[in-house]
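Quick notes on the structure that follows.
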Amino acid sequence: MPIPRSDAIQIIVDVLVLTFIVSTALGALPQVGQDLSSTNRLMLASYYPWYGHKDPRWAEKGVFDHPLIGSYNSSDPNLIDYHLSLARDAGIDAFLVSWSGPDNIYDQRFRQMLMQITNSARFSGFRLGIYHENVANYPSNSDEKVMADLAFILQRYGRHPAFLRVDGKPVIFVYGPTHIEVRRWQRILGAVTERHGVAFYVAAPDGWEIDMGYLDAFASNGVDDLHV
């Protein structure tokens, strides 16, 4: 039975979608295992796998929108399947999944989502990218810690058939890049690129103003985009 249109629209509430991003040209989405190219137009949605059934955030004051299915656990395989189905039926091509470091509960949920995509023909062609939030959430992190995070993503997920890639490059959105100076980004991205190859990095500032030097730092290491 197809999911009702009202439920498909409700995905915006259910998974706390914050932004939709469309690239520059028209194209068809290939199957799992095939890379996207820069001629593809994609609809991407941010996805936040933060929640448990008794998570206090469900009861926060000032939260007016709640999932139609009620509070949920982001680790529930049936819940993941439901969200992926909603996204597919709403025309979304990929989730950008909030990620805050290796081997924690959110990283485990990311791996679980990848597994469920690859294990079901229904989700063939759907992708997951990483929305790296450690820089903004932990601005005191050393350059080496940020390098280790990016290296982990590229080594663990960069070649996974359901990971979002463009022209063969793994896609990594970096939230709040201005918490690290431009010169440090040049060093970080330069070192990661030298050791692990070129990725498609997208700077996602947490404000409306940004020094365009950040775009230069990211562009010199494989990206020509700035998401605001």
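The values are calculated or read from the model by the stated rules, or taken from the named source; none is laboratory data. Just so it is clear, the structure is predicted and the values come from calculations on it, not from any experiment. Every residue, glycine as well, gets a Cβ built from its backbone with ideal geometry; the counts of neighbours run over all protein chains shown.
For this structure, a couple of remarks:
- Where helices (runs of 4 or more DSSP H) sit wholly within region 74-166, those with at least 1 residues that are under 25 Å from Thr193 (Cβ atoms) occupy 105-118, 134-137, 143-157.
- Scanning region 49-66 for residues that are surrounded by 11 or more Cβ atoms within 10 Å (Cβ to Cβ), more than 22 Å from Ser120 (Cβ to Cβ) and in contact (Cβ under 8 Å) with a residue 24 or more places away in the chain yields Trp50, His66.
- Count of residues meeting criterion [in contact with a Gly (Cβ under 7 Å, 6 or more places away or on another chain), part of a helix (DSSP H, G or I) and aliphatic (A, V, I, L, M)] in region 167-195: 1
- Qualifying residue in region 123-133 (condition: free of Cβ contacts under 8 Å to residues at least 60 places away in the same chain, out of contact with any Leu (no Cβ under 7 Å at 6 or more places or on another chain) and farther than 17 Å from Tyr47 by Cβ): no
- Within region 149-191, the set of residues being more than 19 Å from the chain's Cα centre (by Cα), of a type outside the set (D, E, K, R) and surrounded by fewer than 16 Cβ atoms within 10 Å (Cβ to Cβ) comprises just one member, Gly190.
- Every residue from region 68-117 that is among the β-branched types (Val, Ile, Thr) and loosely packed, with under 15 Cβ neighbours inside 10 Å: Ile69, Ile105
- Test: Ser38 is under 15 Å from Leu128 (Cβ atoms) and either surrounded by 12 or more Cβ atoms within 10 Å (Cβ to Cβ) or modelled with pLDDT of 85 or more (or both): no
- Residues (in contact (Cβ under 8 Å) with a residue 12 or more places away in the chain and out of contact with any strand residue (DSSP E or B) (no Cβ under 8 Å at 6 or more places or on another chain)) located in region 110-122: Gln112, Gln116, Thr118, Ser120, Arg122
- Selection status of Asp224, surrounded by fewer than 17 Cβ atoms within 10 Å (Cβ to Cβ), assigned to a helix (DSSP H, G or I) and modelled with pLDDT under 90: no
- In summary, Ser98 fulfils each of the numbered conditions (1) out of contact with any strand residue (DSSP E or B) (no Cβ under 6 Å at 6 or more places or on another chain); (2) of a type in the set (Gly, Ala, Ser); (3) closer than 14 Å to Pro49 by Cα with the single exception of condition (1).
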